[in-house]
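Encoded as structure tokens, the structure appears first; notes follow it.
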Ligand code: KG4
Ligand code: ZN
């Protein structure tokens, strides 16, 4: 039996979980900086790092208390080492290293992208091969897992991530940060009536959202300049349908090529209600984590760390952050 203390600080959530054998969550405590950054319209990296440093001891204490454990019950400490914001990553890594040295507990360095995929194991059993679409604020990637804990990046965005695009369009629609959930909510009240270009409608497995983003900016600016009304709900709906069509159609192409036994959609944008609805029609057995495990959380760090522990992959105290890591990198 292995009890893992799992720490996530790659962006704007300070999140710590106590996870047993990578599947049983004894506690999950998350302190989000979202409200703070909503006022500023987006994450300020330096501030985020400082806030993690301030919050970590409290989140740590609460996570142990809620699990009804003390640090002496912990067998391994897992921490996100990349990708992410360098200062934020280093806050979590420094905290994890200190605990590891002080209490003589082995340290595991986790890849945040792999963690989004293995968040699935907190709720489902995975059958391989699996094809996984990771859609988050920083990434849009198609990842093929031929077998357990093997990651092949088979398609990715050439520019903006889907979540980033949601957040930027929301900003010009004057909706609060993060924009994804706002657009999701308003799109339900609107119709797909604005004409927008189809993003990277080709035979590759790569995505591109910057053209769509520019087209949205141009349409909205031109309407504003002419003093014409912007039907926000309709615009949110049109934008969302365009993004989701692109995600689903690339996932279908990848499915045809790789013939996986399991299809999964993970990461913050997988919380989108319309994406879930569409995906469940096109891929009836698609695996999508529930909300608490789709956005950044400590439990998914513990889930993937379990696979590293099984393989004897531990980190040394000289562990550094790797802000630009890809899903294929072992940290
Ligand atoms: O995975 P995540 O929590 O953090 C990163 O690793 O980036 O993803 C955050 C992203 C943000 O861009 C946010 O707007 C988006 O996920 N998001 C959503 C929804 N909930 C969160 N996008 C669309 N619809 C949602 N319901
Ligand atoms: Zn994430």
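The values are calculated or read from the model by the stated rules, or taken from the named source; none is laboratory data. Remember, predicted model here, so these are calculated numbers, not experimental data. We place every Cβ from the backbone using ideal geometry, glycine too, and count neighbours over all the protein chains shown.
Here are a few things to note about the model shown:
- Residue match in the range 281-291 (condition: surrounded by 23 or more Cβ atoms within 10 Å (Cβ to Cβ), modelled with pLDDT of 95 or more and on the phi > 0 side of the Ramachandran plot): no
- Filtered residue count, the range 277-298, keeping only those that are closer than 17 Å to residue 130 by Cα, away from ligand 1 (no atom under 11 Å from the Cβ) and touching a residue at least 12 places away in the same chain (Cβ under 8 Å): 7
- Residue 205 being at pLDDT 95 or above, in a loop (DSSP other than H, G, I, E, B) and crowded, with 17+ Cβ neighbours inside 10 Å: yes
- Some residue of the range 63-73 being more than 16 Å from ligand 1 (Cβ to nearest atom), touching a strand residue (DSSP E or B) at 6+ places or on another chain (Cβ under 8 Å), within 30 Å of residue 179 (Cβ to Cβ) and assigned to a helix (DSSP H, G or I): yes
- Any hit, the range 74-90, residues being free of Cβ contacts under 8 Å to residues at least 40 places away in the same chain and either in a helix (DSSP H, G or I) or in contact with a strand residue (DSSP E or B) (Cβ under 6 Å, 6 or more places away or on another chain) (or both): no
- Selection from the range 18-38 of residues that are within 15 Å of ligand 1 (Cβ to nearest atom) and either in a strand (DSSP E or B) or without any contact (Cβ under 8 Å) to a residue 12 or more places away in the chain (or both): 28, 30, 31, 32, 35
- Which listed residue, of 164, 148, is touching a residue at least 40 places away in the same chain (Cβ under 8 Å), under 30 Å from residue 304 (Cβ atoms) and surrounded by fewer than 21 Cβ atoms within 10 Å (Cβ to Cβ): 148
- Top-ranked residue of the range 257-280 - restricted to ones that are in a loop (DSSP other than H, G, I, E, B) and more than 16 Å from ligand 2 (Cβ to nearest atom), ranked as surrounded by the fewest Cβ atoms within 10 Å (Cβ to Cβ): 259
- Failed item in (1) part of a helix (DSSP H, G or I); (2) within 22 Å of residue 113 (Cα to Cα); (3) in contact (Cβ under 8 Å) with a residue 60 or more places away in the chain, with residue 321 passing the rest: (1)
To keep it simple, each residue is scored yes or no on (1) within 16 Å of ligand 1 (Cβ to nearest atom); (2) out of contact with any strand residue (DSSP E or B) (no Cβ under 8 Å at 6 or more places or on another chain); (3) more than 28 Å from residue 175 (Cα to Cα); (4) in a loop (DSSP other than H, G, I, E, B).
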position: 221; (1), (2), (3), (4): no, yes, no, no
position: 229; (1), (2), (3), (4): no, yes, no, yes
position: 242; (1), (2), (3), (4): yes, yes, no, no
position: 300; (1), (2), (3), (4): yes, no, yes, no
position: 305; (1), (2), (3), (4): no, no, yes, no
position: 309; (1), (2), (3), (4): no, no, yes, no
position: 317; (1), (2), (3), (4): no, no, yes, yes
position: 326; (1), (2), (3), (4): yes, no, yes, yes
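- Looking only at the range 95-116, and only at residues there that are within 12 Å of ligand 2 (Cβ to nearest atom) and assigned to a helix (DSSP H, G or I), the one that is surrounded by the fewest Cβ atoms within 10 Å (Cβ to Cβ): 115
- Residue 176 satisfies every condition listed in (1) in contact with a helix residue (DSSP H, G or I) (Cβ under 6 Å, 6 or more places away or on another chain); (2) under 29 Å from residue 301 (Cβ atoms); (3) crowded, with 17+ Cβ neighbours inside 10 Å except (3).
- Scanning the range 117-142 for residues that are more than 12 Å from the chain's Cα centre (by Cα) and closer than 11 Å to residue 205 by Cβ, we see that the one that is nearest to ligand 2 (Cβ to nearest atom) is 142.
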